[in-house]
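S.K.: My questions will all concern the structure given below.
The values are calculated or read from the model by the stated rules, or taken from the named source; none is laboratory data. Keep in mind the model is a prediction, meaning the values are calculated, not measured. Here the Cβ positions follow ideal geometry from the backbone for every residue, glycine too, while neighbour counts run over all protein chains shown.
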Amino acid sequence: MNAAWAFPFIFIAGMLQAVGAVMNGVLNKSLVNPYLATAISFLLVLFVAIALFACMPRPLPTVADAANMPWWAPLGGIVGAVAVFAGLILIQKLGAGPVNGVTITANLLCSLVIDHFGLFHMTQHSFNGWRALGAVLMIAGVTLIARF
């Protein structure tokens, strides 16, 4: 992907994540059962992923690629499901702003720790005053959105 498209793509993905959380909240409210709503939501994602794979099956991993994969790499979907489930059951009660704001802020704070220590095979980016200021401003912004 061309680097010029990376940030607009991420921006649109972030907007869609906010919209998706609200849609999942309505799905949960309509179906009454959060586990059924979660299953339906992820089943649709599975169908889209299978369709995309069927259209673009290359490249495929080698046996060595699979053997060298860290044990925790496939767990990303399950980890992400926790955030989806939390939004699904809480967004109708708390509102889109606070739920998405706290989710994004928690994501950012955890990302700063991952970057600082180079966890999960990420390139290390040391924590500094500017990053700390950004984190404080995020927390302040979410606090304002949640309170008012």
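S.K.: Does region 29-44 hold any residues that are within 15 Å of Val82 (Cβ to Cβ) and surrounded by 14 or more Cβ atoms within 10 Å (Cβ to Cβ), and which are they?
M.R.: Correct list: Pro34, Ala37, Thr38, Ser41, Phe42.
Yes or no, residue by residue, for (1) in contact with a strand residue (DSSP E or B) (Cβ under 6 Å, 6 or more places away or on another chain); (2) over 24 Å from Ala18 (Cα atoms); (3) buried (at least 16 other Cβ atoms within 10 Å of the Cβ):
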position	(1), (2), (3)
Gly101	no, no, yes
Val113	no, no, no
Phe120	no, yes, no
Thr123	no, yes, no
Ala140	no, no, no
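S.K.: Within the set of pairs 6+ apart or on separate chains, which have a first residue in region 63-89 that is outside the structural domain of Asn100 (by TED's automatic domain parsing) and surrounded by 14 or more Cβ atoms within 10 Å (Cβ to Cβ), a second that is at pLDDT 90 or above and aromatic (Phe, Trp, Tyr), and C-beta atoms under 7 Å apart?
M.R.: Close Cβ pairs satisfying both conditions: Ala81/Phe42.
S.K.: Please go through region 23-62 and pick out each residue that is closer than 23 Å to Phe120 by Cβ and either of a type in the set (Phe, Trp, Tyr) or not assigned by TED's automatic domain parsing to the domain that holds Phe85 (or both). Give the steps one after another, and end with the answer.
M.R.: Going residue by residue through region 23-62, those that are closer than 23 Å to Phe120 by Cβ are 42, 45, 49, 59, 61-62.
Selection gives Phe42 alone.
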